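Worksheet for the structure shown next.
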Amino acid sequence: MPIMNDTIQFNVGEHRLALEKALKLAPQDIVMEIREAGLKGRGGAGFPTGTKWLMALSAIADKKFVICNADEGEPGTFKDRVLLDEYTNLVIDGITIGGYAIQAAEAIIYLRAEYKYLHHKLERFLEEKRENNQLGNNILNSGFNFDIKIRLGSGAYVCGEETALIESLEGHRGEARNRPPFPVNTGFMGYPTIVNNVETFASAAIIISKGAEWFREIGISKSYGTKLVSISGDCKKPGVYEVPFGISINDLLKMVQADEAKAVQVGGASGQCIPESQFDRKISFEDLSTGGSVMIFNKSRDMLHILRNFMEFFVEESCGQCSPCRIGNKKLLEGVELIEQGKCSYTYLNELIELGKSMQLASKCGLGQSSPNPFISILTNFENEVFSTR
Amino acid sequence: MIKDKLSRTPVSQQPLVVHKEEQGGIGSLVEVEINNRKIQVQMGTTILEACKENNIHIPTLCYHEDLCLAGLCRICVVEIEGMRTLQASCTYPITNKLKIQTSSEKVRKARRHILDLLLSEHYGECYVCHRNGNCELQSLAKEYGVDGFKFGHITERRHSVDRSSYSVIRDMDKCVLCKRCVRTCIDLQEVGVLEATHRGYDTTISTFYDKPLADVICINCGQCINRCPTAALKANDPSDEIWVAIDDPKKHVVIQTAPSPRASIGEEFGLPAGHSMTKQLNTALRWIGFDKVFDTNFTADLTIMEEGTELLNRLKKKIVEGDNSIKLPQFTSCSPGWVKYIEHFYPDYLDYLSSCKSPQQMFGALIKTFYAQENNIAPEDIVTVALMPCSAKKFECNRPEMHSSGFKDVDYGLTTREMAQMIKEAGIYLPDLDGSGFDDPFGDASGAGLIFGATGGVMEAALRTVYEIVTGREVPFENLEITPCRGFEGVRQASVKLEGTLPEWNFLEGVDLNFMIAHGTANAKKVMEALVRGELENIHFIEIMACPGGCIGGGGQPIPTSPEIRKKRAEAIYNEDRGLELRKSHNNPHIKYIYEKFLIDGPCGHISHKLLHTHYVKRGKFIA
Amino acid sequence: MLVSEKHGLTLEIEKLAEKYGRTREALLPILQEIQMKHGYISEFAQQEIANFLDIHPVEVYGVVTFYAFLSRKPQGRYIVKLCQTIACDLAGKEAIARAIERELNIKFGETTPDMKFTLEYINCMGMCDQGPALLINDDVYTHLTPHKTIEIIKSYK
Ligand SMILES: Cc1cc2nc3c(=O)[nH]c(=O)nc-3n(C[C@H](O)[C@H](O)[C@H](O)COP(=O)(O)O)c2cc1C
Ligand code: SF4
């Protein structure tokens, strides 16, 4: 299933020459171009990609690594699947450009186990690229050597977190690491490593192909370019859409023909749940940030049931190493059960919301820092439905 | 020397490497502001260290000085200006100017929440817990004035208690998942029995397939117990049975006390580390009701005689008789954790181990034979207790081969902690007591036996004797203090030149007696790997202790432990040795007496082989 | 387990260790291959893998228990994994779940006595726009209805 709408970036002209163009530039120039374009990570956290690459480029080490994060585990996200399936070349070129930019020789695509059916296709594609001298030694006669390996995940959402991903690659349990040191200094096997989302790499290739200026004209200030969103839930036309940053929820809903929406969960299970009154808010790093997931719930849906599903997800998918996340999510889930049974006092609810805030502050990695989001947002935005009238 | 293997510690938990280009690099100073106070610290210092240096208290739970960093309990979080989330101070290295708040509202709330969460999952009540009063979770609860369970309290067990091991009992319902035991077992000791398993809320510390500890390759060193902040791990306590024996008028209950517990038991009574309590302890033991109090150092002296003779015999057979089946270097065998380690991990190298029993087991065998005969007591009426710094000794005394007297040679191994508990239960405050000596016929032993307690001690004691046997002169070290044996370096190596040998030992003239010392099984592994690679050809004698620091850091010693505490305990032992008149095993008159009266065919003779030597089991690594 | 079978497994693991290298990074690929070939990773296999990679068996166990796609018990030849996350849930996962349970006469987490099917839930598999969805081994099926699901299951029987 390809991207649903007429795309802005992905299908404009040919990006086939991106790699060739990149290899004629100096690594610093690529990094500068990406910085100028203001590209921010598409995986969720939105860290400026150029800055990340610059840090990795300036790190001194005898080896460096590029990791493409294709672990796409956030509920409601499936745009990376589409990219890997339909825009393979763009993604692979993006990874190669990233490798050239930081002067790495090796890249690893960490593909989630659920997408194993893409594995063979990708391997074949890589082989083709090698035959065409677009991977391997002396790529396109530029003197640059680079190759890409694919490693499969084994079913753990937390392995999408970059340091947990690296732990997993090193053969450990997918438990997030302490930061600092950051992967750009001490990453895979202790070497400087950039970890980027599939879409980030694809966007980087587009920027090299079309130029930073072109890219900056799309989107809004501070959130340049477009975003792939995966839309699911109660709408007539779910799927992956490419939208410019700054689009409002209302416009999104119109696009996918969702007429009855009462709530939209932006950013997946770990994102925010927005009520109708806030549908004029915009998708952007400054307002509603998302790794790509938009889930629509219509008037017939029980928000508490949805919340319960999310919290069950986190209780299972937390890596379990740090106390706020391991026990905290369980307590939030138990709280949902109490509410269901009509046994949760107002005081206890507030205590749980405060607990959620502490988890956001004190958890070790992004999972525990964001897992209270649905709890807090659903219980604040839908308090009447979920709590008071139950 | 032995090359360090690349550390197994995950990269993220290793000390931060600050590159030269980054702001002056390591060694330069950075100014930070902690709680609005400007402070200069070394580049790379963690926030926690910086706070400690400046007397700012930060609570910790998963942090332990001996272990690599984990940063997972999150109780030590602090607020750094400009950062969205709180940061774990134990892992955060200071590399630039930071503004830190260690007890802002956010910080206090978060800590309190974390504590409430941990307490809600912590099964049981404090007053029915052996760590009551010495529990880090309890202290935190006190520190934060917790007076109720905000998020409920678990009322049913999620796990069953594993009592399978003679040495270590695991109660995972008390576990806070700080992973100190995991880091101890995998990183510090490299035994690898415990690891976090499953994930999410189901995460548990467990053994391979959650098998009973007795069935996996646990070496019983008990280092995990020493580092557990709560009561999840404890030693298998036989004190109830010992009370029964004491209360039974038909039983003749004798106790032998090892050197290390004396150097540390004061800590259990609130004294700072490094107070030797030998004489007071003797009195307390008599008050409690032990019929005789013996000094394990006596058999430590005996071990030196036997083990030293064994070494000389091996050297003679190898050098003079050219017998190549003789294995050198000879390894010490008094640490039962180490013995089980080599049985599991290097079963093909058991011939390198000295066949001598540990002092504890030698004593047991002598009490139920020699002592029983001399005093006309039926051995079956004797109950022997061994006060040890060690949890592995509990396993050792239960080994089936330890029945040389025809009875179970040592009935109970008791740790320092359990002994302190018994003393308290008897209503005794140890530091108040007057001192008293040891009982005959074994009497007071030499300082050589005493220093067995610290890493390098066995080697030093052995050298004092071996050198003198071979040359007829004292070891050429000032005040008999063989300094290369001392210290806490993980693996040490040194040599003593044998010159002016007596005629009988002429073949050793001019030979450098090369020896090595290692403590902690991770270091033992380094030595063994070198042996396997064939790099230890010219080494003669190797002392290995399973526990970091040697017996003074044993798994039965008072909690907490730290490098500082172990150093103090070792000093206490060395000081006591320095003050003794008798400092060489072979000069101990009681030793001479026993060789004249009982072990009449001398060290390594027939009788001693029957009573004082043992054999080992090829256990291997396979977990059935 | 038969002795000869044990030995075969050892040889297999040795080959994999040669292929992926005898270092810890090789752990997951080796586990994945064993899982794929045998449907589970036995206690014996875990110890052998630990041996070849010079790590401790409990570390292998820790990893195996961490990842949802690695199992310790023999699984059916076909592992049916139904997505339980919200989009599929709202699209009618419950009806699909009951239908499969009835059809195979087992509950989630169980395996049919003939060792043909194992039934499991998984978390979001990235087919949210086409739910309900399930995986049978590596194959994806979407837009399920109870009827369609039964037909799919039958085609594996
Ligand atoms: C629990 C968790 C799961 C994550 N899952 C993914 C994922 O599936 N894919 C992804 O690209 N980033 C994921 N991330 C974000 C990564 O940690 C990281 O920020 C990202 O790969 C960086 O790439 P970017 O800068 O290109 O976005 C996840 C983060 C967390 C905390
Ligand atoms: S926040 Fe959750 S997932 Fe992240 S380290 Fe802590 S327990 Fe693991």
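A compact table of results
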| read-out | value |
| --- | --- |
| Tilt relative to chain C, helix C:57-66 - C-alpha long axis, 0 to 90 degrees, to 10 | 10 degrees |
| 222 nm mean residue ellipticity, helices alone, for chain B (DSSP H n ≥ 4; -39,500 (n - 2.57); rounded to 500) | -9000 deg cm²/dmol |
| Loss of accessible area when B meets C, both sides summed, Å² nearest 100, probe 1.4 Å | 1800 Å² |
| Spin-label model distance (nm) - C:E151 vs A:Y348, 7 Å beyond Cα toward Cβ | 4.8 nm |
| Quarter of the Cα convex hull surface for region B:329-378, i.e. its orientation-mean projected area (nm²) | 4.2 nm² |
| Region B:295-342 - Rg (one decimal) and Dmax (whole number), Cα, Å | 13.0, 40 |
| Loop sites in region B:460-532: trypsin sites (Lys or Arg not before Pro), DSSP, at most 16 other Cβ within 10 Å | B:R473 |
| Size descriptor, Kirkwood hydrodynamic radius, that averages inverse alpha-carbon separations across region A:13-217, Å | 16.6 Å |
| Kirkwood hydrodynamic radius (C-alpha pairs) into Stokes-Einstein, region C:3-66, 10 °C and 1.306 mPa s, D in µm²/s | 140 µm²/s |
| Gyration tensor (Cα) of chain A, equivalent ellipsoid semi-axes in angstrom | 37, 24, 17 |
| Average other protein chain Cβ within 10 Å of Cβ, residues B:70-77 | 6 |
| Span-rule helices in chain B, defined as complete DSSP H runs reaching 30 Å or more along the axis (Cα) with Kyte mean at least -1.0 | B:296-319 |
| Estimated translational D of region A:242-390 in µm²/s (Stokes, Kirkwood radius over Cα pairs; 20 °C; 1.002 mPa s) | 136 µm²/s |
| Members of A:K64/C:K15; B:K150/B:K211; B:K179/B:K211; B:K150/B:K174 lying beyond 23 Å, as alpha-carbon distances in this model show | A:K64/C:K15; B:K150/B:K211 |
| Region B:313-352 versus region A:289-324: alpha-carbon centroid distance in Å | 61 Å |
| By average C-beta atoms within 10 angstrom, highest first, the peptides B:606-614, A:178-186 | A:178-186, B:606-614 |
| Whichever aspartates and glutamates have a C-alpha closer than 16 Å to that of B:K368, once near sequence neighbours (fewer than 8 apart) are set aside | B:D291, B:D295, B:E380, B:D381, B:E401, B:D409, B:D411, B:D439, B:D440 |
| Square roots of 5 times each gyration tensor eigenvalue, C-alpha, region A:303-388, largest first, Å | 20, 12, 11 |
| Enclosed volume per residue, in Å³, of the convex hull spanned by Cα atoms of region C:78-156 | 72 Å³ |
| Among the listed pairs B:K142/B:K234; B:K340/B:K526; A:K121/A:K282; A:K299/C:K154, those beyond 25 Å (Cα-Cα) | A:K121/A:K282; A:K299/C:K154 |
| Largest-first ellipsoid semi-axes for region B:346-452, taking √(5λ) over the Cα gyration tensor eigenvalues, angstrom | 26, 19, 16 |
| Sum of side-chain charges, A:L288 neighbourhood, beta-carbon under 15 Å (Lys, Arg +1; Asp, Glu -1) | 0 |
| Intensity falloff of region A:38-156 expressed as log10 I(q)/I(0), Debye formula with alpha-carbon point scatterers, at q = 0.16, 0.19 Å⁻¹ | -0.81, -1.12 |
| Hits among aspartates and glutamates - C-alpha to C-alpha of C:K107 under 15 Å, sequence gap 8 or more where chains match | C:E94, C:E120 |
| Value of Rg/Rh across chain B [Cα atoms, Kirkwood radius] | 0.99 |
| Cα-based radius of gyration of region A:1-103 once divided by 2.2 N^0.38 Å, which approximates compact folds | 1.13 |
| Cα coordinate range in region B:412-469, projected on the principal axes (Å, largest first) | 47, 24, 23 |
| Helix axis angle, C:93-104 relative to chain C longest principal axis, alpha carbon, degrees | 70 degrees |
| Length-normalised contact order for chain A - Cα pairs under 8 Å, 6+ apart - percent | 18 percent |
| Kirkwood estimate for the protein assembly as shown, i.e. one over the average of 1/r between Cα atoms, Å | 32.8 Å |
| Rel. contact order, % - alpha carbon contacts under 8 angstrom, at least six apart, chain C | 19 percent |
| Cut-off 14 Å between beta-carbons: net charge of the residues surrounding B:R158, Lys and Arg +1, Asp and Glu -1 | -2 |
| Debye log10 I(q)/I(0) at q = 0.13, 0.18 Å⁻¹ for chain C, Cα point scatterers | -0.67, -1.01 |
| Protection proxy ranking, peptides B:150-163, B:185-198, average beta carbon neighbours within 10 Å, highest first | B:185-198, B:150-163 |
| Simple spin-label estimate for B:K592 and B:Y123 in nanometres, 7 Å along Cα-Cβ | 6.0 nm |
| Hydrodynamic radius by Kirkwood, which averages 1/r over all alpha carbon pairs of region C:43-102, in angstrom | 14.2 Å |
| Exercise: per-residue mean of other protein chain Cβ atoms within 10 Å, C:65-75 | 6 |
| Among the listed pairs B:K618/C:K73; B:K357/B:K592; B:K621/C:K37; A:K63/B:K525, those beyond 21 Å (Cα-Cα) | B:K618/C:K73; B:K621/C:K37; A:K63/B:K525 |
| Computed helical MRE - 222 nm, chain A, DSSP H runs ≥ 4 contributing -39500 (n - 2.57), nearest 500 | -12500 deg cm²/dmol |
| Residues A:S58 and A:S142, FRET efficiency given R0 of 22 Å [Cβ-Cβ distance, rounded to 0.05] | 0.55 |
| Protein accessible surface hidden between A and C, which excludes ligands and nucleic acids, total in Å², probe 1.4 Å | 3100 Å² |
| R0 of 41 Å, Cβ-Cβ distance B:N375-B:E535: FRET efficiency to nearest 0.05 | 0.20 |
| Relative counts (whole %) of C-alpha pair distances in region A:132-220, using bins that are 10 Å wide | 14, 32, 31, 22, 1 |
| Portion, in percent, of the accessible area of region B:157-302 that falls on carbon or sulfur, probe 1.4 Å | 48 percent |
| Convex hull per residue volume in Å³, alpha carbons only, for region A:223-297 | 70 Å³ |
| Net charge, A:E337 excluded, C-beta distance under 15 Å - Lys, Arg +1, Asp, Glu -1 | +1 |
| Number of partner chain Cβ atoms within 10 Å, mean per residue of A:83-93 | 0 |
| At R0 = 22 Å, FRET efficiency that the Cβ-Cβ distance of A:E36 and A:E286 yields, to 0.05 | 0.65 |
| Counting DSSP beta bridges with both ends in the protein assembly as shown, the antiparallel % (nearest 5) | 50 percent |
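The values are calculated or read from the model by the stated rules, or taken from the named source; none is laboratory data. No experiment lies behind these values; they were computed from the predicted model shown. Cβ atoms come from the backbone with ideal geometry, glycine included; neighbour counts cover every protein chain shown. For the accessible areas, the whole protein counts, side chains as well, though only heavy atoms, and no ligand, DNA or RNA atoms are used. Shrake-Rupley method; radii C 1.70, N 1.55, O 1.52, S 1.80 Å.
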